[in-house]
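J.: Provided herewith is a single structure, encoded as structure tokens, for subsequent inquiry.
The values are calculated or read from the model by the stated rules, or taken from the named source; none is laboratory data. Keep in mind that what you see is a predicted model, and the values were worked out from it rather than measured. Here the Cβ is made from the backbone with ideal geometry for all residues, glycine too, and neighbour counts use every protein chain on show.
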Amino acid sequence: MNEVRQRVWKPQRWSWTLIIKCVENVRNSSLLRDYQAYLRVEKGLRPLTCEAYDGDLKTFAEFIEGRQGVLLTATQEDVAAFLENLRDHSIDQRSAARKLSCLRGFYKWLLLDARIHHDPTVNIESPKAWKVLPKSMAEPEVVEMLELARLNAEHPQARATALRDRAILELLYAGGLRVSEVTALSTGDLALDLGRVQVRGKGDKERIVPLGRTALLALEEYLQNGRPHLARISSARKASVAHQDLTRLFLSLRGMPLTRQWVWHVVKMADSSASPHKLRHSCATHMVEHGADLRSVQLLLGHADITTTQVYTHLALGRLKTVVRKYHPRSLRRQTETEALPVAVPAAHRGLHLVPSEPRPESSVSDLPIMLRAPSLRISSGASVRSLDTQSAPFIGSAETNKETA
């Protein structure tokens, strides 16, 4: 009898568990879809950012389901256990901090939408992570890479792709653009006569980026001789591309808009140690080294907070060395300049003061005892000095004598 009950009970329990999990998955999926719509429409985040947040939330949702819970019923212990699980699986501290930041934004939205009454991430501390300095290229390395791209573009048998690749490299370094910003550019964003380009960055925030003469010439050459050839190339996929995609600035051999992966490939082909984001860091670092202020660099790169831009001051080692050698009192250059300077005469103080003078040999009081002999004095007022006759006060004696001397 017990065996029969056991055989009947197990399938019923298993089916009941499956039903609960299906319901929980549906609740989490609908909740994540609503949050994705909030990020895209109200927050205005880029598609790749929304995908990253969605992946982090799905990872947490799977962890919560293993603890027989859902996203709406998560507690502070669940969040702490999730971070502990990330540490057990050797997840980097920066990645764990990013996931926790995603959870905080998610539960803040739930509070604003009145779907929960308590935020489980309130008292959770962010994992401490080491500050990683951005990697940049040396200025001679960038010059060599861009010079090689120029030679390839100016070759008599240069193809349209060579003109395009040179324009991409010049744009990445001249404006400090992100790779997604480069691929999203259209021909209408360029203003070559004004020497600038309009860029849409994170959160669909727009900014104006001025460009140098070399970058403008490379873009103009590509627009005149490179892009028309790429746009004329027919492709079977071209008919399905939306009209706005056909206005993209950089096109592939089949007339399609370039992808982020292909821009990475272009930079890697020019220099195996380079990357699009490393060119962006190099642009900011070289500007700081040449004396640019942080506020201008922040506007150029499109940073929301200037603390993000301050990291480039740690990379400007050449400028830091120059400042230390010039201004530090113990630096070798400072000591050399100090030794080379002539001995400065101290500036005279304003007002009247007495200055000791050399005794005169013809003084009438030379025969008096030295303790009774009055010193030879001069009255100094600023830069002018006037001698005081010692005979008017030959003795240091009574108060009447001092009064008459005064």
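J.: Taking the stated definitions as given, is residue 61 among the aliphatic types (A, V, I, L, M), more than 30 Å from residue 311 (Cα to Cα) and assigned by TED's automatic domain parsing to the domain that holds residue 201?
T.: Judged against the criteria, residue 61 is not a match.
J.: State whether one or more residues within region 162-171 are surrounded by fewer than 20 Cβ atoms within 10 Å (Cβ to Cβ), touching a Ser or Thr at 6+ places or on another chain (Cβ under 7 Å) and either at pLDDT below 90 or not polar (S, T, N, Q) (or both).
T.: The answer is no, given that none of the residues of region 162-171 is surrounded by fewer than 20 Cβ atoms within 10 Å (Cβ to Cβ), touching a Ser or Thr at 6+ places or on another chain (Cβ under 7 Å) and either at pLDDT below 90 or not polar (S, T, N, Q) (or both).
J.: To continue, here is another question. Name the residues in region 284-301 that are crowded, with 20+ Cβ neighbours inside 10 Å and either under 17 Å from residue 202 (Cβ atoms) or without any contact (Cβ under 8 Å) to a residue 12 or more places away in the chain (or both), would you?
T.: Within region 284-301, 284, 297, 300, 301 meet the criteria.
Per-residue answers, yes or no, for (1) of a type in the set (A, V, I, L, M); (2) closer than 30 Å to residue 255 by Cα; (3) out of contact with any Gly (no Cβ under 9 Å at 6 or more places or on another chain):
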{"residue": "98", "(1), (2), (3)": "no, no, yes"}
{"residue": "113", "(1), (2), (3)": "no, no, yes"}
{"residue": "123", "(1), (2), (3)": "no, no, yes"}
{"residue": "128", "(1), (2), (3)": "no, no, yes"}
{"residue": "134", "(1), (2), (3)": "no, no, yes"}
{"residue": "170", "(1), (2), (3)": "no, yes, no"}
{"residue": "178", "(1), (2), (3)": "no, yes, no"}
{"residue": "197", "(1), (2), (3)": "yes, yes, no"}
{"residue": "202", "(1), (2), (3)": "no, yes, no"}
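J.: Okay, next question. Before we move on, is residue 182 of a type in the set (A, V, I, L, M), outside any helix (DSSP H, G or I) and surrounded by 13 or more Cβ atoms within 10 Å (Cβ to Cβ)?
T.: no
J.: Is at least one residue of region 305-317 more than 27 Å from residue 207 (Cβ to Cβ), assigned by TED's automatic domain parsing to the domain that holds residue 153, modelled with pLDDT under 80 and in a helix (DSSP H, G or I)?
T.: Scanning region 305-317, I find at least one residue that is more than 27 Å from residue 207 (Cβ to Cβ), assigned by TED's automatic domain parsing to the domain that holds residue 153, modelled with pLDDT under 80 and in a helix (DSSP H, G or I), so the answer is yes.
J.: To continue, here is another question. Does region 46-77 hold any residues that are of a type in the set (Gly, Ala, Ser) and either under 30 Å from the mean Cα position of the chain (by Cα) or outside any helix (DSSP H, G or I) (or both), and which are they?
T.: 52, 55, 69, 74
J.: Under the condition of being in a helix (DSSP H, G or I) and surrounded by 14 or more Cβ atoms within 10 Å (Cβ to Cβ), which residue from region 112-143 is farthest from the chain's Cα centre (by Cα)?
T.: Taking the candidates together, the pick is 141.
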